[in-house]
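One structure is given here, and the rest of the page talks about it.
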Amino acid sequence: MGERTKKDSPKKKVPQWAKFFPDFVIERDPEKCIKCRICVRECSYGAHIWNAKKKELSEDPTKCVGCHRCEAMCPTRAIVIRRNPSEFREHAVWTPWHIKNVYKQADQGGVLLSSTGCAKPIRTYFDHLVLDACQVTNPPIDPLREPMELRTFLGPKPDALEVEVRDGKFRLKRPLPRQIQLEVPIMFAAMSYGAISLHVHQGLARAARDLGTLYNTGEGGLHASLYEYGSNTIVQCASGRFGLHVDYLNAGVAIEIKIGQGAKPGIGGHLPGEKVTEEISKTRMIPVGSDALSPAPHHDIYSIEDLRGLIFALKEATEYQKLVFVKIAAVHNVAAIASGIVRAGADAVVIDGLKGGTGAAPTMFRDNIGIPIELAVAAVDQRLREEGIRNWASVIASGGIRNSADVIKLIALGADAVYIGTPALIAVGCTMCQHCFTGKCPWGIATNQPELIKRLPPEVAYEKIYNLVHGWAHEMKEMLGAMGINAIESLRGNRDKLRAVGLTEKEMEILGVKHAGE
Amino acid sequence: MDFLRGLSKDISGCGLSGVIHRKGELIPGEVIVKSICCQEERGNGLGAGFAAYGIYPDFADHYALHIMADHKKALEEVEELLAHRTYMAHEEPIPTRRTPGIENPPLFKRYFVKPKYEGEVREVCGPEDEDDYMVSLVMEINTRIPGAYVISSGKNMGAFKGVGFPAQIADFFRIEEYRAFIWTAHNRFPTNTPGWWGGAHPFTILDWSIVHNGEISSYGTNRRYLEMFGYHCTLLTDTEVVAYLLDLLIRRHGLPIEVACMALAPPFWEEIDRMPEEERELARAVRTVYGAAMLNGPFAILFAYNGGLVGLNDRVKLRPLVAAEKGDLVYMASEEAAIRAICPDPDRVWAPKAGEPVIVELEPGVIPNQRSYLRGPERGTGAAACRYPGE
């Protein structure tokens, strides 16, 4: 691509089309407004303006991202944020979204960026799957009265056990390979320190400990204050290798090699320099203010043999005391890829679906690349079974999980456990404004600005996250009980408990489910 | 919907009865008939069956294949396959009699065979793998020959089952003419699918025979787990998985019967957490490795083999099971009344605890080809089957 010369550059100020058509309007009720200016302080994007001279409040809707922080914090409920009612002429192909994206690129000439997961209405298979429930012949089980077990073990399992008689009792001949015990098969997905604030990390870590599950550091290193949560930590080894040293590797119970991510398969990561504060620089082991760029590939992994090399290098470095997970995005040939990963020695394969969230991704990537997690998990589980290696590794699913029923459906399709990222962030206040990449999160989640971080204290984050998973776990027990099952392992891969509504025969074949009514 | 063939199952209520003589003495067929008929209203006329051990002493070294066929052509195809794959010592129709209420029964024939499993293959694989050979033969008949089903395939034992009340099926198969050292019987109450001859109990593979009351909610998990080991569920009911799981866990993986029962109906994690360390390590490993073999949902099962009878309840005891003993005889049934009908004054009657197996084996050496699984199979293939990841 040719570079523009000075001569070619427009001399006149070029109008910014995108600003002509803001997505939101800010409505302020003058009757209710007491001019306390909380909205000005709360809006990190500068959409509320205080004119000190005139002592008046005004709005710049072009800066509003629809985060609703001002609306929520306004003490007199004087503010309402609405979708801009201004309408373009209807067109089935050129919707306002497409038109505005063209304006944005015409204005800036860059890559469109978005945060969170795929916003396109690509079929959500969860909503086309329904669960079974017991009736007469098989009674439901009431989890309030009967034990209901969600405990799950991650790690490689032998095909069979060897048992011997010792002192007149049956004993194991040799111990099981190392396993990680989860009290609930829901873990917190990789979100790096940098992408989210330290307070959120502290909340996640504490919630993971109290729930008996794991959180994931993401590729941000491990902050000194979080080492105490080691037994509930998965440390990530991504392509940028930020914050990676032997103490870090040994700090958690598992190491996750991140190859890909559902929101942006095939590309790396980028933490803008503005987000790299003093603390983050220490944790990531990079200079303050420098961009943290993770390459798309690991530069030491260009083949499955290379991956095997890294898996065993990490195992060696940690004296075979840590499990090694490998995380990939759900892509077209995911079943064969997963098989290769398991055969390369991974203890768990993590599959992140098309709808997985992110702090920042090119919009076109986020919305168009990858496949839904439901199909990916069904295909991977089936393939590993056909090859007789399903026991060798756990399957962890993520990307697009919204509630406990989605978790139950993924386990019925074949997952051992799931990762949740976006739901945990929504639990701490995220409103899905999709602007995490700006680093200005007014809710104090996806930001490193000290004044914004303070808006979400770690104990509040902990409470919300703990409550969310606690509630989901209870719902999962209720659903298991309704299906006449009292242990989660009897649901794993139990596709008989699912029926499809409105899916094609091919879709049902891949999911391995019958249609409702059959 | 070919791809979903074999994913279906049905659900049963059902009554069970079983009896074993520890010294291997033979018990006349009318005893078990009386016991199961006492539980008539536990079924609805859509299925009943019997399994008998020790009924073919003249062919004790041969696998007795009971074949059910919808038509002659299926039977001919089976015979053609058997001619290629086995040495046949004897074949005959299974004796039946015309019974009121039983209309258009399928054809029943039995074959006494030894597998053509010899030469170098045998030297390399060892004599135990004759059983694997027979399992694959059974799977082949069940999956590849339309209209033909192997009803039983063990040595010196046989299963007799069909659509009808227990009295009708007993009459049809002339059960009173057999004498066995172990009997099990079943009265069926299917509710989700119409009863069919192949769907009646007992379910068998090799000399394992299962009668079952309840519903296996974990069927989908169990079935897909078994598929990894080459078992294909073709008989459309959930009980089939129990038979295959026993064969896999005990015969192929070499687990002692008590440990296998722990895999099928394991203790709750809370109980495991309270166990002494070594015991806890075993229980934890069993649940971790055999989670997909756990039978979930309500069930009471009786399973038998050439050497023993085992009763097992689900881990919260959602189906009834009663046991009793009188001298060398041990009885197990869904109802105490069914036991007292044939043993009015037992020495001891008890209700086994949830998930706690009642294991009764014959005294050693009282019958030919006797098997004991108390300490695992004597020449099990366990070690060979025990593959650890990365090995």
Place +1 on the Cβ of every Lys and Arg and -1 on the Cβ of every Asp and Glu in chain A, take the dipole about the Cα centre, and give the residue among A:Ala360, A:Ser290, A:Gly46 whose Cα lies farthest towards its positive end. A:Gly46
Which residues, if any, in region A:170-186 have at least 30 Å² less accessible area in the whole protein complex than in the isolated chain, probe 1.4 Å? A:Phe170, A:Arg171, A:Leu172, A:Arg174, A:Leu176
Cα gyration tensor of region A:317-410, axes a ≥ b ≥ c as square roots of the eigenvalues: rounded (a/c below 1.5), prolate (a/b > b/c) or oblate? prolate
Counting only protein heavy atoms and a 1.4 Å probe, tell me what percentage of region A:16-133's accessible area is made up of carbon and sulfur. 54
Each label sits 7 Å from Cα toward the beta-carbon; between B:Met275 and B:Thr234 the label points are separated, in nm, by 3.7
Can you tell me the dipole magnitude for region A:1-130 around its Cα centre, using point charges on the Cβ only (Lys, Arg +1; Asp, Glu -1), in Debye to the nearest 20? 640
Keeping all protein chains in place, calculate the accessible area per residue for the protein assembly as shown (probe 1.4 angstrom), answer in Å². 40
List residues of region A:10-52, by number, whose backbone nitrogen lies under 18 Å from a label position 7 Å along Cα→C-beta of A:Arg82. A:21-33
To the nearest 500 deg cm²/dmol, what mean residue ellipticity at 222 nm is calculated for chain A from DSSP H runs of n ≥ 4 alone, each contributing -39,500 (n - 2.57), summed and divided by the residues? -8500 deg cm²/dmol
Determine ³J(HN,Hα), in whole Hz, for all residues of region B:54-60 in sequence, where each value follows from phi through the Karplus function 6.51 cos²θ - 1.76 cosθ + 1.60 and θ = phi - 60°; x replaces Gly and Pro. x, 8, 10, x, 6, 10, 4
How high is the FRET efficiency from B:Arg348 to A:Met364, r the C-beta distance, R0 60 Å, rounded to 0.05? 0.20
List the residues, sorted by chain then number, that are 5 or more residues from A:Gly512 or on another chain and whose placed amide H is less than 5 Å from its amide H. none
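Evaluate peptide B:275-288: per residue, the Cβ atoms of other protein chains within 10 Å of its Cβ; return the mean as an integer. Don't skip to the answer; put the middle values down first.
Working: counts 0, 1, 0, 6, 3, 0, 4, 6, 2, 6, 11, 4, 5, 13.
Across B:275-288, the average partner-chain Cβ count within 10 Å equals 4.
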Name the lysines eligible as straight-distance cross-link partners of B:Lys326: C-alpha to C-alpha under 22 Å, and not fewer than 8 places from it in the same chain. B:Lys23, B:Lys34, B:Lys353
Complex-versus-alone comparison for region B:220-267, residues with a loss of 50 Å² or more in accessible area, probe 1.4 Å: B:Thr221, B:Arg224, B:Met228
Residue by residue through region A:431-439, which ³J(HN,Hα) values in whole Hz follow from phi under the Karplus form 6.51 cos²θ - 1.76 cosθ + 1.60 (θ = phi - 60°), with glycine and proline marked x? 10, 6, 6, 6, 10, 4, 5, 7, x
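With a sphere of radius 14 Å drawn around the Cβ of B:Lys109, what net charge do the other residues whose Cβ falls strictly inside it have (Lys, Arg +1; Asp, Glu -1)? Please report the intermediate quantities before stating the final value.
Details: positive: B:Lys72, B:Lys73, B:Arg110; negative: B:Asp70, B:Glu76, B:Glu77, B:Glu79, B:Glu80, B:Glu91, B:Glu92.
Net charge around B:Lys109: -4.
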In region A:17-110, how does Rg compare with the Kirkwood Rh, expressed as the Rg/Rh ratio over alpha carbon atoms? 1.05
Can you tell me which lysines have their Cα less than 21 Å from the Cα of A:Lys322? Leave out same-chain residues fewer than eight positions away. A:Lys157, A:Lys258
Amide H to amide H under 5 Å from B:Lys317: which residues, 5+ apart in sequence or cross-chain, H placed 1.01 Å off N in plane? B:Gly355
Determine the shape class of region B:12-387: with a ≥ b ≥ c the square roots of the Cα gyration tensor eigenvalues, call it rounded for a/c under 1.5, and otherwise prolate if a/b is greater than b/c, oblate otherwise. rounded
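So what is the 222 nm mean residue ellipticity for chain B from helices alone, if each DSSP H run of at least 4 adds -39500 (n - 2.57) and you divide by all residues, rounding to the nearest 500 deg cm²/dmol?
On the way: 12 runs with 106 residues, N = 391.
It comes out at -7500 deg cm²/dmol, rounded to the nearest 500.
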Show which aspartates and glutamates lie in cross-link reach of A:Lys173 when reach means a straight Cα distance below 15 angstrom and same-chain residues fewer than eight apart are skipped. A:Asp159, A:Glu162, A:Glu164, B:Glu277, B:Glu278, B:Glu279, B:Glu281
Report the charge-dipole magnitude of the protein assembly as shown in Debye, nearest 20, computed about the Cα centre from +1 at each Lys and Arg Cβ and -1 at each Asp and Glu Cβ. 4200
So how far, in whole Å, is the C-alpha centre of region A:273-312 from the one of region B:236-296? 44
Roughly how much accessible area, to the nearest 100 Å², goes out of reach of solvent when A and B pair up, both sides summed, probe 1.4 Å? 5200
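Near A:Ala397, within a Cβ-to-Cβ distance under 9 Å, what is the net charge of the other residues, with Lys and Arg +1 and Asp and Glu -1? Working shown, then result.
Working: positive: none; negative: A:Asp352, A:Glu374, A:Asp416.
Residues near A:Ala397 contribute -3 overall.
Expressed as a whole percentage, what fraction of the accessible surface of region A:472-518 belongs to carbon and sulfur atoms when a 1.4 Å probe is rolled over the protein heavy atoms? The partial results should precede the final answer.
Values: 820 of 1540 Å².
Result for region A:472-518: 54 percent of the exposed heavy-atom area is carbon or sulfur.
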Among A:His435, A:Ile304, A:Val136, whose Cα sits farthest toward the positive end of the charge dipole of chain A (+1 at Cβ of Lys/Arg, -1 at Cβ of Asp/Glu, about the Cα centre)? A:His435
For region B:12-387, with all protein chains present and a 1.4 Å probe, just round the carbon and sulfur fraction of the accessible area to a whole percent. 49
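In the structure shown, do any of A:Lys32/A:Lys100; B:Lys73/B:Lys114; A:Lys35/A:Lys440; A:Lys315/A:Lys477 have a Cα-Cα gap over 31 Å, and if so which?
With Cα atoms farther than 31 Å apart: A:Lys32/A:Lys100; A:Lys315/A:Lys477.
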Tell me the Rg and the Dmax, in Å, that the Cα atoms of the protein assembly as shown produce. 32.5, 112
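Any chance you could list the semi-axes, whole Å, largest first, of the equivalent ellipsoid that the Cα gyration tensor gives for region A:274-349, using √(5λ)? Could you put the intermediate results ahead of the total?
Details: eigenvalues 164, 59, 24 Å².
In descending order, the three semi-axes are 29, 17, 11 Å.
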In the protein assembly as shown the DSSP beta bridges are antiparallel at a rate, in percent to nearest 5, of 75
Rank B:Ala167, B:Ile20, A:Ala482 by how far each Cα sits towards the positive end of the charge dipole of the protein assembly as shown (+1 on Lys, Arg Cβ; -1 on Asp, Glu Cβ) and give me just the farthest. A:Ala482
Run the dipole for region B:12-387 about the Cα centre, Lys and Arg Cβ at +1, Asp and Glu Cβ at -1, nothing else charged, and hand back the magnitude in debye, nearest 20. 480
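Rank these residues by their accessible area, most exposed first, probe 1.4 Å: B:Asp132, B:Asp273. Kindly include the intermediate steps, with their values, before the conclusion.
Details: B:Asp132 45, B:Asp273 75 Å².
Sorted by accessible area, descending: B:Asp273, B:Asp132.
The values are calculated or read from the model by the stated rules, or taken from the named source; none is laboratory data. Computed from a predicted model, the values in this text were never measured in an experiment. Note that we place each Cβ from the backbone using ideal geometry, even for glycine, and neighbour counts take in every protein chain shown. Note: areas computed on protein heavy atoms with side chains; ligands, DNA, RNA excluded. Shrake-Rupley method; radii C 1.70, N 1.55, O 1.52, S 1.80 Å.
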